[in-house]
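Written out below as C-alpha cells is the structure these notes cover.
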Amino acid sequence: PIMKAFHPTHLEIKVGAKKPFRILHISDSHIAQMNSHDLAKADEVELKWYEGRRRHFENAATGLAAALLYAKVKKLPIIHTGDLVDFVTDGNERFLDHNLNGLDLHYAIGNHEYQTRTPEHYDPVPENPRKRMQKFFKDDISVSSHIIGGANFVAFDNAWQNVREEVIAGVKAEFERPYPVVLMCHIPPFYTAKFLDNSVLSKRTIARGRGASEDEIKAIVRPKNIWNAYDRKTREFYTWIQTKPQLKAILCGHTHIAEVDGFSETAQMYVAGGNYEGRAYEIVFK
C-alpha cells in the first residue's frame, strides 16, 4: 500500500556515460515533526503555524518512506535536493536519526533546513542549522562530490540567500576534474516560467491550510524572479557555470512543481516535484 503514495516520472539525460546507469531524484519532503520538547517551547502562533504545515504535508513521511523503499528495491542511489524537513526541530532531528542511517543518499541542503522556528523564521546564525543537519550526512553539505557511472555529481548549498564564496570555490574546483558534471542544488538558479505562473495558487493553498485570513491570502502575489535578488558574485557564478561544456544537468527542487527548463547550451534544469506528494524522477543517464 505504501507504494500507492509514490509517483516517479521517468527521464533520460545524456552525459556521455560508457554504460547507462540510474538514480532516483527526490526533493522537498517537508517532514514536519514536533515532539514534546518542541511543543513545550512553542507559543500559540507557532502551534497554529505548525498545525497548518502538518496538515498540508500530512503525507510527507509516507512519500519519503515510499521513495526510500523504491530506491532500495531497485538498488538506486538517492539524490535529495533539499527541504528534507520543513523546519529544524528536535522532533525532526530524531526522525532523521531513525530513518536516514546507512542510506546511500546524496544531499543538497534546502532553505527550510535554515529555519529553526516557525513561522518561516530563518536562523540569524546560518552556521547553526547547518551544523544540526550536517551530523546526518557523511559528506560536507556545503559542497560534496560523488562519481557515479563516470559522471561527477556535485551538490552545493545555494539555499541561504546568495552562494557563499567558499561554496563557489568548491564547485569551480570540481569542474577541473575530467568528468561530465551534474550539479545538485535546492533552488533553481532562476525561477522557471511554470513556477512563476503557479506560485500564487500554491502559496494560497498552503496559507489557507494553515488558517490564514482571507486578507492574508489575497495579499499573496506573483514573486519576482530570484535572479534579480542575487548579489554580483552569485550572478557571475551562475553565468560562469553556463559557459562550461562539461555541465550536463542541474538537479534541483524548491518549487514543488516538476518541470524541465533550459539553462545552458549543454544542460537543462530538472526541477523535481514535491516528494511530500510522492513525486520523484527516476533518471537514466546515458
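The values are calculated or read from the model by the stated rules, or taken from the named source; none is laboratory data. Quick caveat: nothing in here was measured; it's all calculated off a predicted structure. Using ideal geometry, Cβ is built from the backbone for each residue, glycine included, and neighbour counts are taken over all protein chains shown. We work out accessible area using only protein heavy atoms, side chains counted, and drop any ligands, DNA or RNA first. Shrake-Rupley method; radii C 1.70, N 1.55, O 1.52, S 1.80 Å.
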Practice prompt. Can you work out which of the residues in region 214-233 that are closer than 30 Å to Pro180 by Cα and touching a helix residue (DSSP H, G or I) at 6+ places or on another chain (Cβ under 8 Å) is modelled with the lowest pLDDT?
Written response: Asn225
Discussion item. It is to be established whether one or more residues within region 176-185 are at pLDDT 90 or above and farther than 25 Å from Ile78 by Cβ.
Written reply: yes
Response to the item:
Note on Met184: of the conditions (1) open to solvent by 10 Å² or more (accessible area, probe 1.4 Å); (2) under 24 Å from Met269 (Cβ atoms), unmet is (1)
Worksheet item: Here are some conditions: (1) on the phi < 0 side of the Ramachandran plot; (2) touching a residue at least 40 places away in the same chain (Cβ under 8 Å). Gly170 meets all but one. Which one does it not meet?
Response: (2)
Worksheet item: Given the structure, is Ala272 surrounded by 20 or more Cβ atoms within 10 Å (Cβ to Cβ) and either over 20 Å from Val182 (Cβ atoms) or in contact with a strand residue (DSSP E or B) (Cβ under 8 Å, 6 or more places away or on another chain) (or both)?
Response: yes
Discussion item. Is it the case, given these coordinates, that Glu44 is within 28 Å of Glu282 (Cα to Cα) and without any contact (Cβ under 8 Å) to a residue 24 or more places away in the chain?
Written reply: no
Worksheet item: Got at least one residue in region 78-94 being open to solvent by less than 10 Å² (accessible area, probe 1.4 Å), among the aromatic types (Phe, Trp, Tyr) and more than 17 Å from Leu24 (Cα to Cα)?
Response: yes
Worksheet entry | Residues satisfying the stated conditions in region 1-56, i.e. in a loop (DSSP other than H, G, I, E, B) and over 18 Å from His121 (Cα atoms) | Pro1, Phe6, Lys14, Val15, Gly16, Ala17, Lys18, Lys19, Pro20, Ser27, Ser29, Asn35
Worksheet item: Does Ile220 count as touching a Lys or Arg at 6+ places or on another chain (Cβ under 6 Å), β-branched (Val, Ile, Thr) and open to solvent by 20 Å² or more (accessible area, probe 1.4 Å)?
Response: yes
Item to complete: Looking for whichever is open to solvent by 30 Å² or more (accessible area, probe 1.4 Å) and either under 18 Å from Met269 (Cα atoms) or touching a residue at least 24 places away in the same chain (Cβ under 8 Å) (or both) here; the options are Arg164, Arg132. Which one fits?
Response: Arg132
Fill in: region 232-268, subset within 13 Å of the chain's Cα centre (by Cα) and outside any loop (DSSP other than H, G, I, E, B), residue farthest from His112 (Cα to Cα)
Ile250
Practice prompt. Scan region 1-36 residue by residue and report those that are surrounded by fewer than 20 Cβ atoms within 10 Å (Cβ to Cβ) and in contact with a Ser or Thr (Cβ under 8 Å, 6 or more places away or on another chain).
Written response: Ile2, Ala5, Asn35
Worksheet item: Has region 54-61 got any residue that is within 25 Å of Phe153 (Cβ to Cβ) and either open to solvent by less than 20 Å² (accessible area, probe 1.4 Å) or of a type in the set (Asp, Glu) (or both)?
Response: yes
